[in-house]
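Some notes on the structure that comes next.
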Amino acid sequence: MSEAAETQSEIFAQMDQVPAAGSDVIAESPLSNFHWKTTGAEAGVTLSEQGLAGHLVLRSAGNSSFEAAVEKVLGMSLPGPLQSVSDDSGRVIRWTSPDEWLLTVSNSDAFSVEQQLRAEASGHYSIVNVSGGQTILMLSGDSAEMVLMKTCHYDTHESSFPVGKVVRTTFAKSGALIRRVGESEWELIIRRSFSDYLALWLQDAAGEYGLQII
Amino acid sequence: MLCIFCPHCGEYREEEEFSARGQAHIKRPEDPEACSDEEWGNYMFFRKNPKGLHHELWVHSAGCGKFFNMTRDTVSYEIKETYKIGEQPSVVAAEK
């Protein structure tokens, strides 16, 4: 660990946000209490919440030490504008702004990844754990794109929104970070405070195609 | 709806994602203590309201969240160009 990294880890309070093993604190995802109304047997849209993941906001403006640290710890380099990278274990880095990325890892890994990055990087950068503030919805199925097209004014056609692209835009009077995971598979990262509203909106919008929750 | 090119995202997006933040290129006086009341008042409160080309500050608030400048025609609403903060506009109104 370099001297600069040591100083930085002393300055910033770091906390493992996951309750310790054996603790009686129950972790609940934002939509854990949402009662979905599913429709029909023929589901055109399948929705699942990937709750309780570890979300880390990485910020750095051209700090090569931080870029190298990300590469060393995660084995992926920070993607360019509107792009994302992922690995086999399901870790994803998404570009959100010229100096900002969103990294998702499993909940139990978030703290150790943050610590490893801090140990490797020096200089001016920031890592913030925002796991409690947002949640991931996976939308898939033949009609998933039709649901997005009801509200999303960004062109979802494959020529403008290829697999792997990430777009933060307005979504149903709220906002979402949208990533195309596969041809008919989409990932929405939404704010916790909007999750009930967006779940109701998605349930209504997907109703006509048949909605299945997994 | 205007289609606005975000110089940070590198593509056109709908106007709904953006917010306008008034006149661009307003320079804070180097030494505010040495300003006359008139100079400070002009910096603080007085803005241009041209008929024709106007340089404006916009923010891609629902997208990348970055500020940038835009040269826009206030009569036709035509957007001449958008450029990053710190860059100079290439389209400027003719001096009168």
request  = Note down the net charge around A:Glu145, summing +1 for each Lys or Arg and -1 for each Asp or Glu among other residues with Cβ under 15 Å from its Cβ.
outcome  = -3
Contact order relative to length of segment A:43-213, as percent, for alpha carbon pairs under 8 angstrom and 6 or more apart = 30
query = If you place +1 on the Cβ of every Lys and Arg, -1 on the Cβ of every Asp and Glu, and leave all else neutral, what size is the dipole of chain B about its Cα centre, to the nearest 20 Debye?
reply = 180
request  = Kindly flag which residue pairs out of A:Lys165/B:Lys48; B:Lys51/B:Lys84; A:Lys37/B:Lys66; A:Lys173/B:Lys27 have an alpha-carbon separation exceeding 30 Å in this structure.
outcome  = A:Lys165/B:Lys48; A:Lys37/B:Lys66; A:Lys173/B:Lys27
ask   = What are the residues whose amide H is under 5 Å from the amide H of B:Lys66, where those residues sit 5 or more places off or on another chain and H is modelled from the backbone?
value = B:His60
inquiry  = Counting only protein heavy atoms, probe 1.4 Å: which residues of segment B:26-64 lose 30 Å² or more of accessible surface in the full assembly compared with their chain by itself?
reply    = B:Ala62, B:Gly63, B:Cys64
task = Compute the accessible area per residue over the protein assembly as shown, keeping the other protein chains in place, probe 1.4 Å, unit Å².
result = 54
task = Mind grabbing the base-10 log of I(q)/I(0) for segment A:1-159 at q = 0.11, 0.19 Å⁻¹? Debye formula, identical points on the C-alpha positions, no solvent, two decimal places.
result = -0.56, -1.26
task = Any chance you could check segment A:141-158 for residues losing 30 Å² or more of accessible area when the partner protein chains are in, compared with the chain on its own (1.4 Å probe)?
result = A:His153, A:Tyr154
request  = Could you please state how large a percent of the accessible area of segment A:78-214 is carbon and sulfur, counting protein chains only and using a 1.4 Å probe?
outcome  = 49
query = Name the residues of segment B:1-25 whose accessible area falls by at least 30 Å² when all protein chains are present instead of the chain alone, probe 1.4 Å?
reply = B:His8, B:Cys9, B:Glu11, B:Arg13, B:Glu14, B:Glu16, B:Glu17
task = Please work out how much accessible surface B:Arg13 shows to a 1.4 Å probe, ignoring ligands, DNA and RNA, in Å² rounded to 10.
result = 10
Selection from B:Asn42, A:Val163, A:Gln134 lying farthest towards where the dipole of the protein assembly as shown points positive, charges on Cβ = B:Asn42
ask   = Mind checking Rg over Rh on chain B, alpha carbons, Kirkwood formula for Rh?
value = 1.02
remark   = Karplus ³J(HN,Hα) for segment A:75-87 (6.51 cos²θ - 1.76 cosθ + 1.60, θ = phi - 60°; Hz, whole; x = Gly/Pro) runs x, 9, 9, 5, x, x, x, 6, 10, 9, 10, 9, 10
inquiry  = Tell me the mean residue ellipticity at 222 nm calculated for chain B from its helices only (DSSP H runs of n ≥ 4, each -39500 (n - 2.57), averaged over every residue, nearest 500).
reply    = -2500 deg cm²/dmol
inquiry  = With n ≥ 4 as the cut-off for DSSP H runs, can you work out [θ] at 222 nm for chain A, using -39500 (n - 2.57) per run divided by the number of residues, rounded to the nearest 500?
reply    = -6500 deg cm²/dmol
Farthest toward positive dipole pole in segment A:37-100 [+1 Lys/Arg, -1 Asp/Glu at C-beta], among A:Ser97, A:His55, A:Gln83 = A:His55
task = Using a 10 angstrom cutoff on alpha carbons, build the Gaussian network for chain B and name the most mobile of B:Glu30, B:Glu11, B:Glu81.
result = B:Glu30
ask   = To the nearest 100 Å², how much accessible surface do chains B and A cover up together, summed over both, with a 1.4 Å probe?
value = 1000
key: Check: segment A:43-213 dipole with +1 on Lys, Arg Cβ and -1 on Asp, Glu Cβ, in debye   = 480
query = Can you give the Kirkwood hydrodynamic radius of the protein assembly as shown from its Cα pairs, in Å with one decimal?
reply = 22.2
request  = Return the single residue from B:Ser36, B:Ser19, B:Ser76 with maximal mean-square fluctuation; model: Gaussian network over chain B, springs between Cα atoms under 10 Å.
outcome  = B:Ser36
task = For each cysteine in the protein assembly as shown, check whether another cysteine's C-beta sits under 4.7 Å from its C-beta; list those where none does.
result = A:Cys152, B:Cys3, B:Cys35, B:Cys64
request  = With a point put 7 Å past each Cα toward its Cβ, work out how far B:Gln88 is from A:Lys37 in nm, to one decimal.
outcome  = 6.2
inquiry  = Spelling out what I want: for every residue of segment A:168-179, take phi, set θ = phi - 60°, compute 6.51 cos²θ - 1.76 cosθ + 1.60 (Karplus), and round to whole Hz; glycine and proline get x.
reply    = 9, 8, 6, 8, 6, 6, 10, x, 8, 9, 9, 10
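The values are calculated or read from the model by the stated rules, or taken from the named source; none is laboratory data. Everything numeric in this text was worked out from a predicted model, so none of it was measured. Virtual Cβ from ideal backbone geometry, glycine too; neighbours counted across all protein chains shown. Ligands, DNA and RNA are excluded from the accessible area calculation, which covers all protein heavy atoms including side chains. Shrake-Rupley method; radii C 1.70, N 1.55, O 1.52, S 1.80 Å.
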